[in-house]
Amino acid sequence: MTTSGLNGAPVLVVGAGIMGAGIAQVAAQAGHAVRLFDTREGAAAQALAKLAQTLDSLVTKGRLTDEVAAATLARIEPTATLDAAADVGLVVEAIVENLDAKRALFRQLEAIVGAGCVLATNTSSISVTAIANGLQHPARLVGMHFFNPVPLMKLVEVVSGLQTDAGVAEDIFELGKAWGKVPVHTKSTPGFIVNRIARPYYAETLALLQEQAATPQVLDACLKAAGFRMGPCELMDLIGHDTNFAVTRSVYEANFYDKRYVPSLVQREMVDGGLLGRKSGRGFYRYPDGADALPVAVHAAPATAQAITVHGEGAVADWLEQAVTHALEPQGWGPARQVDSGWIGLEIDGARLALTDGRTAGERAARANLRDVAVFDRTVLLPVKPGTAIAYALAPQASASWRTQAPAWLAALGLVPLPLADTPGLVVARTLAMLVNEAADAVLQGVCTPEGADAAMKLGVNYPAGPFEWLQGWSVTGVIALLEALDAHYRGERYRVSPWLRRQA
Ligand code: NAD
């Protein structure tokens, strides 16, 4: 199918809620004549009045000229019937998230629109293939998945169903660019790109909470230190636990109850109890105050050591060598370095402070026939800024003195050590490995390209880097080893390694 070129064509937006209003604004700002329809009487006019206020305040703040604001508003026209679709080049649907309602709407529209008109759905979780089923021309239906708030979020997932014409997807891709967005192609699979790859960001923290590994504050602090704008707990509180839980559930169900996506009992309990987050005044934290500041633990300088060796190679080992050298400078000596030891970390008078490889500190201690072992989490942002929070865990068999010395050494390196129960893969390493693994499976299944996944996660959910960018800074074998350690510890389907990663290795 060829479309008559969407640039400049009139657009009908159906649904004048949060998303529809934003889509209408973006289309109008790009110069389209926009019609806005909603079954709720007055909804389209209300949306337009609200947009007028928003544009006004942008003019007041100097972010928009009077002329642009007035022209944008003048291009949007509320309409009382779907007949307004007769001469448009594109319909974007943003109505209630319900398959039957969307199918019925598109069937109705097919009887009105012209032959070259493209039909787009902004669904966030329903199969585009399923919405197209039963249409006379399913090839012209495509997903155009915007993110909230539409005018600010750059990403648009262009979703192709089984019958979507490749040319139609390409036209929507180009239109997305003309609207100032960054479009990314994806196949119609549960969660598309962002909502699928993001699941482990919440799920791993919920799993750690369930086994009482740490408090929400600690988990949030660790992931924020890794560059995430919000920790998973405060983010779930913001999104709303009901919404977040519903998305997880829908991805889980749509994947035929694949255990990898199993929802969390911790979150279900919160939803059942009405602890929905910010909107209900209480989630993991109480609002409006939000999270309390983490209590500051004071660590004395570590006891003078006789011998220190930095083990391993790579960026983290290099940074450790630098940091230890700096810490030992006043004493007039430096650490030894051994690159081929097979682990990364510090050996301090026979005790080990090791970067997590996925195994627990207890397991590593038992394997090495040592008592004094501690593991610390991955640091992503190197060189580490002083004051960076980092999770660590002690082997249960560690001596009383190592229990104070291990965090004291992390503090001496400029970190803020946060104790975690001795769980495999700690917080950041485990979360990143699972995000990478999910992205790898998405690529394996043709849902997106690695570049598409990186762009989607950075622009759709503001991740500091994309999963494949993290993979570059880590190593395929390192990620696989970490996942295998998690799998060996927990058993089951959740931590199975993506065949895509195995192929790269
Ligand atoms: P919303 O409830 O704010 O708005 C939906 C609007 O559609 C309402 O005004 C309602 O009156 C109207 N409506 C319902 N049925 C209709 C019909 N048959 N014909 C015309 N109008 C109808 O919802 P929203 O958050 O804007 O979501 C709309 C769509 O966008 C959903 O499919 C949702 O999954 C998707 N989406 C939402 C977000 C988000 O963060 N809110 C993000 C991406 C995608």
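The values are calculated or read from the model by the stated rules, or taken from the named source; none is laboratory data. Everything quoted here is computed from the prediction, not taken from an experiment. Cβ atoms come from the backbone with ideal geometry, glycine included; neighbour counts cover every protein chain shown. Areas reflect the complete protein model, heavy atoms only, side chains present, ligands, DNA and RNA absent. Shrake-Rupley method; radii C 1.70, N 1.55, O 1.52, S 1.80 Å.
Points worth noting:
- On Cα atoms only, tilt of 166-178 relative to the major axis of the chain in degrees: 80
- Dipole of the chain, positive end: most advanced residue of Leu432, Val182, Ala214 [Cβ charges, Cα centre]: Ala214
- Taking 25 °C and 0.890 mPa s as conditions, segment 436-504 diffuses translationally at an estimated 197 µm²/s according to Stokes-Einstein applied to its Kirkwood radius (Cα pairs).
- Dipole axis of the chain (+1 Lys, Arg; -1 Asp, Glu on Cβ), positive-most option in Leu501, Ile76, Gly358: Gly358
- Charged side chains reduced to their Cβ positions (Lys and Arg at +1, Asp and Glu at -1) give the chain a dipole of some 360 debye around its Cα centre.
- Under 5 Å between amide hydrogens, built in the peptide plane, is the criterion, and for Trp179 it picks out nothing among residues at least 5 positions away or on other chains.
- Segment 145-188 residues near the modelled Lys61 label - backbone nitrogen below 17 Å, point 7 Å along Cα→Cβ: 148-154
- Dipole magnitude (debye, nearest 20) for segment 436-504, charges at Cβ of Lys, Arg, Asp, Glu: 140
- Magnitude of the charge dipole, segment 25-90, Cβ model with Lys/Arg +1 and Asp/Glu -1, debye to 20: 260
- Accessible-area composition of segment 436-504, carbon plus sulfur, in percent [1.4 Å probe]: 49
- Percent accessible area from carbon and sulfur atoms, segment 308-419, protein chains only, probe 1.4 Å: 52
- Translational D in µm²/s for segment 314-375 (Stokes-Einstein at 10 °C, 1.306 mPa s, Kirkwood Rh from C-alpha pairs): 128
- Separation of alpha-carbon centers, segment 414-448 and segment 71-103, rounded to whole Å: 41
- Counted by Cβ distance under 11 Å from Phe173, the other residues give a net charge of -2, where Lys and Arg count +1 and Asp and Glu count -1.
- Alpha carbon centroid spacing (whole Å) that separates segment 223-273 from segment 302-356: 38
- Based on the reciprocal of the average 1/r between different C-alpha atoms, the Kirkwood radius for the chain equals 24.9 Å.
- Across segment 11-188, the relative contact order, built from alpha-carbon pairs under 8 Å that are at least six residues apart, equals 20 percent.
- Longest site-free stretch - the chain; sites: GluC sites (Glu not before Pro), DSSP loop, at most 16 other Cβ within 10 Å: 314-492
- Rounded to the nearest 5, the antiparallel percentage of DSSP beta bridges internal to the chain is 30%.
- Cα-based Kirkwood hydrodynamic radius, segment 308-419, one decimal, Å: 13.8
- Over segment 1-69, Cα pairs under 8 Å with separation of 6+ residues give a relative contact order of 28 percent.
- Per-residue ³J(HN,Hα) for segment 342-357, Karplus 6.51 cos²θ - 1.76 cosθ + 1.60, θ = phi - 60°, Hz, x for Gly and Pro: x, 9, 10, x, 10, 10, 10, 6, x, 7, 10, 10, 10, 5, 4, 10
- Cα gyration tensor shape of segment 248-336, rounded if a/c is under 1.5, else prolate or oblate by comparing a/b with b/c: oblate
- Taking every protein chain into account, the accessible area of the chain amounts to 43 square angstrom per residue (probe 1.4 Å).
- Carbon plus sulfur fraction of accessible area for segment 11-188, probe 1.4 Å, in percent: 54
- Taking only the C-alpha atoms of segment 11-188, Rg followed by Dmax gives 15.4, 49 Å.
- Segment 308-419 - percent relative contact order, Cα under 8 Å, separation 6 or more: 23
- Dipole axis of segment 29-161 (+1 Lys, Arg; -1 Asp, Glu on Cβ), positive-most option in Ile126, Ala44, Ala111: Ile126
- Degrees between helix 18-29 axis and first principal axis of the chain (Cα, 0 to 90, nearest 10): 70
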